[in-house]
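Novice: I am attaching a structure below and will ask some questions about it afterwards.
The values are calculated or read from the model by the stated rules, or taken from the named source; none is laboratory data. Since the model is a prediction, treat every value here as computed from it, not as a measurement. Backbone-built Cβ (ideal geometry, glycine too); neighbour counts: all protein chains shown. Heads up: the accessible areas ignore ligands, DNA and RNA and are worked out on the full protein's heavy atoms, side chains in. Shrake-Rupley method; radii C 1.70, N 1.55, O 1.52, S 1.80 Å.
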Amino acid sequence: MSEVGGSYTRRDDLAGLEEESGIRYAGEPIGISTPSFATTSSEYVSGDSRTRESESLKDQAKGFMMAWGEILLEFGRGCRDIAQQSLLTEDSYLVRKLRRPYSKVSGKLKHLNEFLPEDRDPAHVWSVMFFVFILALAETSSSVIVIAIHEAMNVNTNHDRVPPVKKVRIHPPTASRILLPDGRHMAYREQGVPADRARFSLIAPHPFLSSRLAGIPGVKMSLLEEYGIRLVTYDLPGFGESDPHLGRTLNSSAFDILHLADAVGICDKFWMLGYSSGAMHAWAALRYIPKRIAGAAMLAPMINPYERGMNKEEIKMIWETWVPSRKLFYFLARRFPKLLSYFYWRSFLSGKHDRIENRLHLSLGKRDQMLVEEPIFEEYWHRDVEESIRQGNPKPFIQEAVLQVSDWGFSSADLQVQRKCQRRGFLSWLRSLYSQAECELAGFPGPIHIWQNWS
């Protein structure tokens, strides 16, 4: 037994020498040797050492994370202790400021403590219940939002298939044009009876995202001929085939109408026809060129949504009828007009026609919905929009949107007939003491007919 133990020890020593010095021993084995057993044992020990190394690496990573967790836990406890010792003491500024409102609220809600267990601290329980309520409310809100998005994205199979999107086509120029005094060209179109047979001459500025081709929507040519009406429509600056006007205002818009009337041979007074946002230019004509206007007919006319003369009830009555998209565009046009180009490029300047109801500012009734679904109306609408965006420039549309919400230079009250007397200066006041003051009528004296549907 001693020989076996001694030979085993020497072999281990030799193996150690081989590993340390790099010298391989090639002699006979000393003492009793068991080659097969030694080989198996060597392989087993080698595999077991690799297993221990891999397990030790996992244990080290686990221990490292646990140590960091303990450090963070102790750090949080330390912050809590500091807050309790500095912020939640009786003499702290925070406690002195919140003590009175806290006592009032707790006094009003003290009767609710009767529903709590007797061995529970009411302050702790109610704080936990409050945070649980906030979490539940957030979870419910997120669920509702997800359901709404899911329903909006899903297509109802019971409805008819959505028609394919049509691309915008640009047509050859066909408009008659006049030359304005400042060198710009204005495109116009005449409908109804010729000038020598006309009983009434009407000039109609078109609304936003429209053109001279719109005419009077829903009115047939036979009706114009029956009543002897000569209708003249034109493209606003930058719309259709009219040249843009960078510095245009409502004053310049009114004189553009005056130059158009003179160019097409309207010598007498003419009527203004304004509908939707095109009524803004009709109001301007009544204000700045009243002597040439015989009267005005307004169909669902637009007024300045930021007019100072309106009270809160009138403003609320106007804004609450509009869809959110129109409210957003009015806000951007007044505060951030440069952002409108982004929305315009993604909508009507994208090269594709959108659905008609998406362009309207009010929700449609059943009869209106049936009308816009007619192929004839859709063709008329698309042709008018295509002519409006012919130049592919968002700046004229931004100018038009800014004009709608900016200061018009007048209010609707200025169009009312009223007597104005000149009493400026000391001499005028002194003269008024001995004689009647010189007064004149101001405003538009002609008739103004307004049709507005409030349903």
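Novice: Report Rg(Cα)/(2.2 N^0.38 Å) for the range 222-310, keeping two decimals.
Specialist: Details: Rg = 13.8 Å, N = 89, 2.2 N^0.38 = 12.1 Å.
Scaled against compact globular proteins, the figure is 1.14.
Novice: Report the gain in length on full extension from Tyr342 to Asp59: 0.36 nm times residue separation, minus Cα-Cα distance, nm rounded to one decimal. Walk me through the intermediate numbers first.
Specialist: On the way: separation 283, 0.36 × 283 = 101.88 nm, distance 5.69 nm.
Additional length available on full extension: 96.2 nm.
Novice: Let me ask something else. What accessible area per residue, rounded to a whole number of Å², is obtained for the range 244-377 using a probe radius of 1.4 Å?
Specialist: Details: 7750 Å² over 134 residues.
Result: 58 Å² per residue.
Novice: Also, quick follow-up: Please compute the volume of the convex hull spanned by the alpha-carbon atoms of the range 202-268 and report it per residue in Å³.
Specialist: Spelled out: Cα convex hull of the range 202-268, divided by residues, is 99 Å³.
Novice: Ordering Phe133, Phe377 from largest to smallest accessible area (1.4 angstrom probe), what's the sequence? Write out the running numbers ahead of the final one.
Specialist: Numbers: Phe133 120, Phe377 45 Å².
Reading off the accessible areas and sorting them downward yields Phe133, Phe377.
Novice: Order Lys166, Lys366, most accessible first, counting only protein heavy atoms with a 1.4 angstrom probe. Before the final figure, lay out the partial values.
Specialist: Values: Lys166 105, Lys366 175 Å².
Reading off the accessible areas and sorting them downward yields Lys366, Lys166.
Novice: Rounded to a whole number, what % of the accessible area of the range 372-420 do carbon and sulfur atoms account for, probe 1.4 Å?
Specialist: Numbers: 1280 of 2520 Å².
The computed percentage sits at 51.
Novice: To the nearest 10 square angstrom, how much accessible area does Cys79 have with a 1.4 angstrom probe?
Specialist: Near enough 60 Å² of accessible area.
Novice: For the range 269-339, treating each Cα as an identical point scatterer without solvent, what Debye log10 I(q)/I(0) comes out at q = 0.12, 0.15, 0.25 1/Å?
Specialist: The Debye formula, applied to the Cα set alone, gives -0.42, -0.63, -1.13.
Novice: Hey, another quick one. Once the Cβ-Cβ distance between Glu70 and Arg355 is put in as r, and R0 is 56 Å, what FRET efficiency do you end up with, to the nearest 0.05? Can you show the working numbers first?
Specialist: Details: r = 62 Å, r/R0 = 1.10.
Once rounded, the FRET efficiency stands at 0.35.
Novice: How long, wide and thick is the range 294-401, going by the Cα atoms along their three principal axes, in whole angstroms, largest first?
Specialist: 42, 36, 36
Novice: In Å², and per residue, what accessible area does the range 174-236 have when probed at 1.4 Å with the other protein chains present?
Specialist: Numbers: 2970 Å² over 63 residues.
Each residue of the range 174-236 exposes 47 Å² on average to a 1.4 Å probe.
Novice: Using protein chains only and a probe of 1.4 angstrom, how many square angstrom of Phe343 are accessible, to the nearest 10?
Specialist: Accessible surface of Phe343 is approximately 70 Å².
Novice: Just round it to a whole percent: the fraction of Cα-Cα distances in the range 377-423 exceeding 12 Å. Show your work: numbers first, answer last.
Specialist: Details: 826 of 1081 pairs.
Result for the distance tail: 76 percent.
Novice: Another question, then. Using a probe of 1.4 angstrom, how much of the accessible area of the range 278-344 is carbon and sulfur, in percent?
Specialist: 61
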